[in-house]
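What follows is one structure encoded as structure tokens, with my remarks underneath.
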Amino acid sequence: MPTDEPGALGGPDFLDAPFPYMRWAKAHLDGGPGNLGMSGVRPLAPEVRRELGLAVPLEVGAPEAGLKSALAERAGLDPERVFLAAGTSHANFAVFLALARGGHVACERPAYEALPALAGAVGARLDTFARDPERGWRIDPSSLAASVTPETDLVVVTDLHNPSGRRLEAEDLDLLVNAAEEADATVLVDEVYAGFDVPPRPTAALRHPRIVATNSLTKVHGLSDLRAGWVFASPDRIAAIDAWNNLVHPVLPPGPLADALAYLPHAEERLAALRGVFEARRAQVEAWVQRTPGVRWSTPHGGITGLVELTDGRDGDTVCRRAFEQHGVRGVPGSFF
Ligand SMILES: Cc1ncc(COP(=O)(O)O)c(C=O)c1O
């Protein structure tokens, strides 16, 4: 079969992914003179864009390859293990869509609200497993065992844990991988706050091919507007994520990717400075928790989230509302998690 036939692009991994046209178009519609297949008007010339007051375009695709390589090198991974996304939200959605649609998801509890919600969004059934407040929000093994079944496709956690700010200990990650191994499932570790941990740790994606890690520059780097995010995964999973993502966000805007690429060499220095700032602020909250009756927390390992528990039976929604009304202090009610 000639290599530009649509069917020649997909190996067995692609067979159940929709939208083969987009994979073919990305590989073959290069804008050359003999190309009658483009589905839009030619890109506006730089001088026309300038006249219209638009930013001058960057060559589509160029910063994408550079950013993939830079992220891969920083993480110690092969570039074919990187998928670029518009923030961690998009990265998580693409993972759920490709790896869990119509299946079964086991997600940590308490959880960042979007993660369990994504199961429903891709038509997957959801069970949750507990993180145990008495053990510093470590994974509760019996709860994990009950929620991961042979039908499970995706086991989902955050590291640092949102909301508690606690680290995912290596033994707990092993528990998750072992459970996923038995179910032939994937472990998704949302690492959007991992950069705040002290000392910094390598991405979980390096530890086992079943682990998929998502992240972005949005939270710990203060670059939310760039929407520069990524997935680290095994090459077969990246291929599936890429194929399904063509339905959602087939091309990322090159401008923000170029900015992300320019930022990366400065990332470690900035993170080191920010860690110091947040450690000092966390110490202030720690002092408040220690001296205040009726509250406790497991001191976060890093970052900007912490889970304060009320030990005197008061209702968290009411306490948060009153804290704002009476003191102008806004906390997120725990009921969201
Ligand atoms: C655990 C977690 N994942 C993902 C996100 C969203 O990240 P992004 O802004 O990169 O889409 C958040 C935002 O609060 C989060 O807490």
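The values are calculated or read from the model by the stated rules, or taken from the named source; none is laboratory data. Given the structure is predicted, the values throughout are model-derived calculations rather than measurements. Don't worry about glycine lacking a Cβ; one is built from the backbone with ideal geometry, like all the others, and counts go over all protein chains shown. Each accessible area value is taken on the protein alone, full model and side chains, heavy atoms only, with ligands, DNA and RNA left out. Shrake-Rupley method; radii C 1.70, N 1.55, O 1.52, S 1.80 Å.
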If one computes the Cα centroid of segment 177-248 and of segment 100-141, what distance in Å separates the two points? 16
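What relative contact order, as a whole-number percentage, does segment 268-335 give when Cα pairs under 8 Å and 6 or more residues apart are counted? Could you put the intermediate results ahead of the total?
Numbers: 51 pairs, mean separation 14.1, N = 68.
It comes to 21 percent, rounded to a whole number.
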Relative to the longest principal Cα axis of the chain, at what angle does helix 267-291 sit, 0 to 90 degrees, rounded to 10? 20
I'd like the FRET efficiency for TYR21 and SER142, computed as 1/(1 + (r/R0)^6) with the beta carbon distance as r and R0 of 45 Å, rounded to 0.05. 0.40
Provide the solvent-accessible area of TRP288, counting protein heavy atoms only and rolling a 1.4 Å probe, rounded to the nearest 10 Å². 100
Nearest 10 degrees, 0 to 90: what angle lies between the long axis of helix 170-183 and the longest principal axis of the chain (Cα atoms)? 60
Step through the residues of segment 30-47 one at a time and calculate ³J(HN,Hα) from phi using the Karplus curve (6.51 cos²θ - 1.76 cosθ + 1.60, θ = phi - 60°), rounding each to whole Hz and writing x for Gly and Pro. 9, x, x, x, x, 8, 9, x, 5, 9, x, 5, 3, x, 4, 5, x, 5
Once phi is turned into θ = phi - 60°, what whole-Hz ³J(HN,Hα) does the Karplus curve with 6.51, -1.76 and 1.60 give for every residue of segment 203-214, x standing for Gly and Pro? 4, 4, 4, 6, 7, 7, x, 6, 8, 10, 10, 10
I want the antiparallel fraction of DSSP beta bridges within segment 26-184, as a percent rounded to 5. 20
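For the chain, what is the relative contact order in percent, using Cα pairs closer than 8 Å and at least 6 residues apart in sequence?
On the way: 555 pairs, mean separation 64.9, N = 337.
Reported as a whole number, the value is 19 percent.
How long is the gain from ARG201 to ALA323 if the chain were fully straight, where each residue apart is worth 0.36 nm and the alpha carbon distance is subtracted?
Extending this stretch completely gives an extra 40.4 nm.
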Label 7 Å along Cα→Cβ of THR311; segment 247-286 residues with amide nitrogen under 15 Å? 286
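Applying a 10 Å radius around every beta-carbon, put 204-216, 311-323, 77-89, 28-40 in order of their mean neighbour count, most first. Intermediate values should be presented prior to the final figure.
Values: 204-216: 22.3, 311-323: 12.5, 77-89: 20.2, 28-40: 9.0.
By packing density, highest mean first, the sequence is 204-216, 77-89, 311-323, 28-40.
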Per residue accessible area in Å² of the chain, where ligands, DNA and RNA are left out and the probe is 1.4 Å: 51
Output row, site PHE336, 7 Å Cα→C-beta label point, backbone N cut-off 20 Å, window segment 218-237, residues 218-227
Using the alpha-carbon atoms, what tilt in degrees (0 to 90, nearest 10) does helix 87-100 show relative to the longest principal axis of the chain? 80
quick shape note, segment 204-337: Cα extents on principal axes in Å, largest first -> 52, 32, 31
Taking protein heavy atoms only, a 1.4 Å probe, and rounding to whole percent, the accessible area of segment 271-337 owed to carbon and sulfur comes out at 55
If you take the square roots of the eigenvalues of the alpha-carbon gyration tensor of segment 207-248 and sort them as a ≥ b ≥ c, do you get rounded (a/c under 1.5), prolate (a/b over b/c) or oblate? oblate
Just to verify a number: what accessible area does PHE93 come out at with the full protein assembly present, 1.4 Å probe, Å² rounded to tens? 60
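Restricting to bridges with both residues inside the chain, how much of the DSSP beta-bridge set is antiparallel, in percent to the nearest 5? Mind dumping the intermediate values first?
On the way: 14 of 32 bridges.
Antiparallel: roughly 45 percent of the beta bridges in the chain.
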